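Undergrad: This structure is in structure tokens; I'll ask about it shortly.
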Amino acid sequence: MEALAVRLSGLDAYVDGAMRVITFYDTLMRRRVDLPALARASAGLAECVAAICLHGTGRAIRFAPDGRPAPAPPQPASTTVPITLDDEEIGTVWLERPGPPNPLDEVLLERLALASAAAAERYGPARTTMADPALVELAISPDSDEAARARALRLLGFAAGLPVHVVAVRTRLPLDRIGALICPARPVKAAPLAEVGVLLATTVDRTRFPAGAHAGIGAADSPHRSWQQARTALRFTTPRRPVLHHTDLGAVALLAEVPRDAIRDNTDVAAIARLAAHPEDLETLDAYCATGSLRRAADLLHLHHSSVSRRLAQISDALDIDLTDPMGLTRATFALTAWRLLDG
């Protein structure tokens, strides 16, 4: 394999070779080529595998010198250069040269990195659902300034001014599968953060969440506020109501601001905690609080209303709350909701 300097018309001077490389990439940028075309052209120029990877997608675009996608697995990178946009690293370009690096490899990669940044800004990342968690966190963090947030959203594929809902999800299912279900035809990105999955979507079809998934949905406001709303809504989800929009909560959302110690020390909440040792009683109370009607609760539980009536009488005694009184029902509902927040 000939060295890059020989490849470039037999030039033997480093400066002349570097100028040819710069001219080569200036031409590609004027033609507004996309990332795959950049990687393919770079591989042909360098006569070795050239690759581009944006952090927002996590997918490497690798081409061999013959213009075909490079075979897996990738070889060790001989030279790497970061891709930066607005002073932030958004990806990496590299060469997989079998022998020692060529003197012009670094110049080539620096120009490839510049061209890749321009292409990423122009075309956005590849259409993939899973995203770099660090980039998602930058978009939703309350500590990010607006310029950094806008840049992160742009790199994730969300155009300026596009409404973005943030969804907090607890599920064992792959996040990309859920993203494809709830937002099948519009931009959606997903990433795991700590114990919660995060979805950023321009629209959310709340009816399409799969069974077993619990989700809180924030409003299409500023992403960091939407994230806070989504986490709050997620805390209020139950097996009976596994998907909640923050707007569904209304004033109930204020409960999320009560300190956990204050909730735990409340007499009614403590009574609910004791009742939780009896799952059937807890389920009966939940159904009654959800419906406000003995007969509707019986239908929900698939029990005769007389059986539910007996259970509720026992529960009323255990809680020391009159469940037939509207205020008593309100107390029980708030206590049950607050108790669940302790695990949220």
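The values are calculated or read from the model by the stated rules, or taken from the named source; none is laboratory data. Just so it is clear, the model here is predicted, and its values are computed rather than measured. Cβ coordinates were reconstructed from backbone atoms using ideal geometry, including for glycine residues, and neighbour counts include every protein chain displayed.
Undergrad: With the condition kept exactly as written, say whether any residue in the range 75-94 is among the acidic types (Asp, Glu) and part of a strand (DSSP E or B).
TA: The answer is yes, given that some residue of the range 75-94 is among the acidic types (Asp, Glu) and part of a strand (DSSP E or B).
Undergrad: Counting only residues that are touching a Pro at 6+ places or on another chain (Cβ under 7 Å) and part of a loop (DSSP other than H, G, I, E, B), which one in the range 30-73 is nearest to VAL136 (Cα to Cα)?
TA: Here the answer is GLY56.
Undergrad: If I filter the range 32-88 down to residues being at positive phi and of a type in the set (Gly, Ala, Ser), which single residue comes out as nearest to the chain's Cα centre (by Cα)?
TA: Among those residues, the one meeting the criterion is GLY58.
Undergrad: Residues in the range 266-283 that are farther than 16 Å from ASP320 by Cα and assigned to a helix (DSSP H, G or I): how many?
TA: Total meeting the criteria: 3.
Undergrad: Which one of these does ALA113 not meet: (1) part of a helix (DSSP H, G or I); (2) in contact with a helix residue (DSSP H, G or I) (Cβ under 9 Å, 6 or more places away or on another chain); (3) not hydroxyl-bearing (Ser, Thr, Tyr)?
TA: (2)
Undergrad: I need the full set of residues from the range 125-181 which are of a type in the set (A, V, I, L, M), assigned to a helix (DSSP H, G or I) and under 12 Å from the mean Cα position of the chain (by Cα), in order please.
TA: Correct list: ALA134, LEU135, VAL136, LEU138, ALA139, ILE140, LEU153, LEU156, LEU175, ILE178.
Undergrad: Consider the range 132-188. How many of its residues are touching an Asp or Glu at 6+ places or on another chain (Cβ under 8 Å), within 17 Å of GLY216 (Cα to Cα) and crowded, with 17+ Cβ neighbours inside 10 Å?
TA: Residues meeting the conditions: 2.
Undergrad: Where the second residue is surrounded by 21 or more Cβ atoms within 10 Å (Cβ to Cβ) and modelled with pLDDT under 95 and the first is over 19 Å from LEU200 (Cα atoms) and outside the structural domain of ARG206 (by TED's automatic domain parsing) and lies in the range 230-247, which pairs have Cβ atoms under 8 Å and are six or more apart or on separate chains?
TA: none
Undergrad: Let me ask something additional. List the number of the failed condition for ILE321; all other conditions in (1) under 33 Å from the mean Cα position of the chain (by Cα); (2) part of a loop (DSSP other than H, G, I, E, B) hold.
TA: Checking ILE321 against (1) under 33 Å from the mean Cα position of the chain (by Cα); (2) part of a loop (DSSP other than H, G, I, E, B), the one that fails is (1).
Undergrad: Could you identify the single residue in ARG111, ARG59, ARG149 that is in contact (Cβ under 8 Å) with a residue 40 or more places away in the chain, charged (D, E, K, R) and in the same structural domain as VAL167 (by TED's automatic domain parsing)?
TA: Unique residue meeting the criteria: ARG149.
Undergrad: Next question, about the same structure. Within the range 32-89, can you find the residues that are modelled with pLDDT under 90, farther than 11 Å from SER116 by Cα and surrounded by 18 or more Cβ atoms within 10 Å (Cβ to Cβ)?
TA: Answer for the range 32-89, where residues must be modelled with pLDDT under 90, farther than 11 Å from SER116 by Cα and surrounded by 18 or more Cβ atoms within 10 Å (Cβ to Cβ): HIS55, GLY56, THR57.
Undergrad: Could we say that THR202 is of a type in the set (Val, Ile, Thr) and farther than 17 Å from VAL136 by Cα here?
TA: It is false that THR202 is of a type in the set (Val, Ile, Thr) and farther than 17 Å from VAL136 by Cα.
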